[in-house]
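To start, the structure itself, in structure tokens.
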Amino acid sequence: MTERDLMLNELAQGLRPMSQGLEWFDRLGPEAQSETLVFLRHHCIQARAVTEDGPEGVRRAGLRPTHTPAVLITRGRIDEQLGKIAGLTPPDERRKAFRLLVAVLAVADARRRDRHCSGGCTHWWHQLPASD
């Protein structure tokens with residue numbers, strides 16, 4: 001488990017406020033931000049995100065429907081759209097992409113937890129305590 005793993009899972013589970021996540025993300029260099037977005041995309045796919053998670057992710061992320069990541073998430077296959085979102089390069093779009101991908105991960109992982117882990121599981125990210 002890395003600092004990045006921990007941070008992203010705490011954000012997705014609501015154990016940390018998004019303001020802390022954005023501060024952390026902003027401190028990363030452009031390459032590390034890009035890697036983080038690709039990593040988030042991968043986690044969304046692993047959590048079995050579906051197209052229907054897009055609008056709820058946009059709502060949870062607090063994005064307007066006209067923001068580029070919000071438009072992308074509603075167009076086409078979710079795995080392809082998540083890749084496009086992770087590939088956004090302007091700094092303000094990256095911040096929006098970060099918020100959206102965390103929110104989509106939250107939606108998909110909550111569903112996965114309800115369906116597959118409700119009786120208990122050994123996923124380390126489902127055993128996280130609330131952060132200080």
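Hey, what's the range 1-62 come to in accessible area per residue, 1.4 Å probe, Å²?
Numbers: 3350 Å² over 62 residues.
Per residue, the range 1-62 has 54 Å² of solvent-accessible surface.
How many nm separate the modelled label positions at residue 15 and residue 95, each set 7 Å beyond the Cα in the direction of the Cβ?
2.6 nm
Taking only DSSP H segments of four or more residues, each worth -39500 (n - 2.57), what value at 222 nm results for the chain once the sum is divided by all its residues, to the nearest 500 deg cm²/dmol?
Using -39500 (n - 2.57) per qualifying helix, the result is -20500 deg cm²/dmol.
Report the gain in length on full extension from residue 77 to residue 39: 0.36 nm times residue separation, minus Cα-Cα distance, nm rounded to one decimal.
Net length gain for the segment: 11.8 nm.
Contour minus end-to-end for residue 110 and residue 59, with contour as 0.36 nm per residue of separation and end-to-end as the Cα-Cα distance?
On the way: separation 51, 0.36 × 51 = 18.36 nm, distance 1.57 nm.
Extra length available between residue 110 and residue 59 comes to 16.8 nm.
Evaluate the relative contact order of the chain (contact order divided by residue number), counting alpha-carbon pairs under 8 angstrom at least 6 apart; express in whole percent.
Details: 136 pairs, mean separation 46.1, N = 132.
Relative CO of the chain lands at 35 percent.
May I ask you to give the percent of accessible area on the range 20-61 that is carbon plus sulfur, with a probe radius of 1.4 Å? Intermediate values should be presented prior to the final figure.
Numbers: 1170 of 2310 Å².
Accessible surface attributable to carbon and sulfur in the range 20-61 totals 51 percent.
Name the trypsin sites (Lys or Arg not before Pro) in the range 1-67 that are in a loop by DSSP and that have at most 15 other C-beta atoms within 10 Å, would you?
Passing sites in the range 1-67 are 48.
The values are calculated or read from the model by the stated rules, or taken from the named source; none is laboratory data. For clarity, every value in this text was computed on a predicted model and none was experimentally measured. Because the Cβ atoms are built from the backbone with ideal geometry, glycine has one as well, and the counts that use them run over all protein chains shown. We work out accessible area using only protein heavy atoms, side chains counted, and drop any ligands, DNA or RNA first. Shrake-Rupley method; radii C 1.70, N 1.55, O 1.52, S 1.80 Å.
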